[in-house]
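All of the numbers you see were taken from the coordinates with simple rules; none came from a lab. Everything quoted here is computed from the prediction, not taken from an experiment. Here the Cβ positions follow ideal geometry from the backbone for every residue, glycine too, while neighbour counts run over all protein chains shown.
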């Protein structure tokens, strides 16, 4: 069964919305969440009374992932076309895929007991998101690209 580019980009947008929600939750629930999701230095800053920088950084990341989700939706034709759509979608895919590449050394470290399994899961999720963004934009491009995206 071949999945359409539109469907893949909707899944990709969903991935980015999930990451957005996660970052908002981290900002709300504070140091234990920062530590669990791999940012112990930000948790330490908050506990020392410097919550502004970690919170701003986390909210900025949430905004970035929300923008990525909007690009996925625009690529799927669910919302209006956004500037530099194709370039942005390829860039988003590349960033997720680069983050996802960490899964290889993390799996090796996991076998030695050096990293928790959740870090491997986070990297695998990034790899998945990158693949769906990439396949989505490639399939949209092959099926008429701009015309299909403008139909929204």
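Tell me, what is the Rg over Rh of region 4-59, with Rh the Kirkwood radius over Cα pairs? Rg/Rh for region 4-59 comes to 1.17. A value for Rg and Dmax of the Cα atoms in Å was derived from the coordinates, and within the list (1) 14.8, 45; (2) 17.2, 54; (3) 17.5, 61 it appears as (2).
For the chain, the longest principal axis of the alpha carbon atoms and the long axis of helix 85-100 meet at an angle near 40°.
Note: relative contact order over region 19-106, using C-alpha pairs below 8 Å and six or more positions apart, is 23 percent. The fewest-to-most ranking of 133, 71, 96 by surrounding Cβ atoms within 10 Å reads 96, 71, 133.
The relative contact order of the chain, computed from alpha carbon pairs under 8 Å that lie at least 6 residues apart in sequence, is 33 percent. Counted by neighbouring Cβ atoms within 10 Å, the residues 44, 114 run from fewest to most as 114, 44.
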